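Read the structure below first, then the notes.
The values are calculated or read from the model by the stated rules, or taken from the named source; none is laboratory data. Source: prediction; values computed, not measured. Here the Cβ positions follow ideal geometry from the backbone for every residue, glycine too, while neighbour counts run over all protein chains shown.
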Amino acid sequence: MLSMKRIIVVFCLLFASVYSDQDPFYLGSTLYAPYMTSPTEPLYSLVMQREFNIAVAENEMKFSGVHGGGQTIYDFSRADAIATLAMQNGMKMRGHTLVWHHAIPSWLSQGNYTSVQLAQILVGHITTVIQHYSQKYPGLILAWDVVNEAYNVEQGYLNEQAALIAAGKDPTDPANIKSPRTIWSKIGQFDAAGNPISTWDPLRDYVRLAFRTARAADPNVKLFYNDYSNEGISTGSTGNYNFVKGLVGEGVPIDGVGMQYHLLLNKPTDVNNYSQSTLLSNLQRYAALGLDIHITELDVRIPTSDATGFIPTTPDLLAAQTQVFANVAATCAQTPACKALLCWGFTYAHSWIPASFAFFGAATPFDQNYVPTPGYLALQKGLLLRKKCCF
Ligand code: G3I
């Protein structure tokens, strides 16, 4: 006769396999292939393989990463090194990113292309990149960030225009504009002769075109819109939500929304900005649109006493950060539509934060010696809510 313990174990194994088959959860990070193969960085590879089942290339799959040499020249070598490593290690990948205003090569930014030419370039890029991965690495890419940060850049441009008009300055004079529109916004706004053809369109034709092209290139891969400042509930976050809702409402083929979660912690009280209830309400409104949600670029930066970003200025900061990691994980775990959580770098040693924000850092789930931080332990504990059984 089977002991009760054995029955529970068998039940749990069955439950776990069914649960994971039907509703796999992905936990991951950026992956940089040279670190993973470097003999001087054995822990990078070890931790990545041990902890994560999904990876994202921090820069290599961006437009300039694969399409930097000219309109018809693609070089997938650096991006493929990452894809190959991920495949060999049984990981999935998020494809990041097809259309963005950054990481644009000079042949494109300085090409003075018409809107029609830009549309051709966009279609060619998306089709070539998506099909390269679906053909060479079938099933590897779980989702593509088809468009990145369109709402925020458009909104920034609009706000700046309004401010210039209010100040009596010419809003069209490039000398006055600090946040120019993305190069892609030209698409659909001008005819072949360069004449404007439409009034302000908040959803942007290039966004529609990008998603439709991506769907045609591979009907099986998930298509995501990815942005920042869409994590909590605020005017900006609601604007971001309405942007996505507009795309869904129009029938643009979008499967999910990526929330970057580059969180900033200045002082312990800031933890309230990322309370579970706020984060949860936000996730739920996106889930109600029928979208999947991925937390795509999680880090929680705190002030550090060193420029390398390794030493938090006070232990309180680390404790407050730990609570934020816990809240984020628990919120995602409680939302069935939230299917992946990726950190933007996993070790203090290779994080974008210290180079971008002086005297900020300690933002990732492992420290510079690859020791898990309290934040990572809290993250893991929060995610256990999702597993429900057996862990
Ligand atoms: O590869 C060159 C190197 O050859 C050169 O010596 C060096 C000099 O500065 O630059 C190197 O390229 C830099 C690259 O990072 C690799 O370090 C680029 O200049 C720099 O612009 C690039 O920054 C990346 C940034 O996106 C822009 O593409 C960051 O690493 C990356 O973390 C950041 O990631 C973004 C996400 O894609 C979207 N969400 C926000 C997130 C953080 O900004």
Of all residues making up segment 352-362, the number that are closer than 26 Å to Ile141 by Cβ and crowded, with 24+ Cβ neighbours inside 10 Å: 0
For segment 275-292, which positions are assigned to a loop (DSSP other than H, G, I, E, B), touching a helix residue (DSSP H, G or I) at 6+ places or on another chain (Cβ under 9 Å) and over 19 Å from Gln321 (Cβ atoms)? Leu289, Gly290, Leu291
Could you pull out the residue among Met48, Met61, Met87, Met93 that is farther than 26 Å from Gly188 by Cβ, among the hydrophobic types (A, V, I, L, M, F, W, C) and not in a helix (DSSP H, G or I)? Met93
Out of the residues in segment 216-236 that are in contact with a Ser or Thr (Cβ under 7 Å, 6 or more places away or on another chain) and closer than 16 Å to Leu140 by Cα, state the one that is surrounded by the fewest Cβ atoms within 10 Å (Cβ to Cβ). Asp218
Mind telling me which of the residues Ser237, Ser185 ends up being more than 30 Å from Val324 (Cβ to Cβ) and not in a loop (DSSP other than H, G, I, E, B)? Ser185
By residue number, the members of segment 75-116 that are touching a Lys or Arg at 6+ places or on another chain (Cβ under 6 Å) and either more than 12 Å from the ligand (Cβ to nearest atom) or among the charged types (D, E, K, R) (or both) are Ser115
Those residues of segment 132-153 which are away from the ligand (no atom under 16 Å from the Cβ), within 21 Å of the chain's Cα centre (by Cα), in a helix (DSSP H, G or I) and not aromatic (Phe, Trp, Tyr) amount to His132, Ser134
If Gly232 passes every condition in (1) more than 16 Å from Cys338 (Cα to Cα); (2) at pLDDT below 95 but one, which one does it miss? (1)
Checked pairs for segment 132-151, first touching a residue at least 12 places away in the same chain (Cβ under 8 Å), second within 13 Å of the ligand (Cβ to nearest atom) and basic (Lys, Arg), C-beta under 7 Å and 6 or more apart or across chains, list as Leu142/Arg94; Ala143/Arg94; Asp145/Arg94
Taking segment 126-181 and keeping residues small (Gly, Ala, Ser), at pLDDT 95 or above and either touching an Asp or Glu at 6+ places or on another chain (Cβ under 6 Å) or surrounded by fewer than 18 Cβ atoms within 10 Å (Cβ to Cβ) (or both) leaves Ser134, Gly139
Meets criteria (touching a Ser or Thr at 6+ places or on another chain (Cβ under 6 Å), modelled with pLDDT of 95 or more and away from the ligand (no atom under 16 Å from the Cβ)) for Ala337: no
Condition set charged (D, E, K, R) and touching a helix residue (DSSP H, G or I) at 6+ places or on another chain (Cβ under 9 Å), scope segment 293-306, selection surrounded by the fewest Cβ atoms within 10 Å (Cβ to Cβ): answer is Asp306
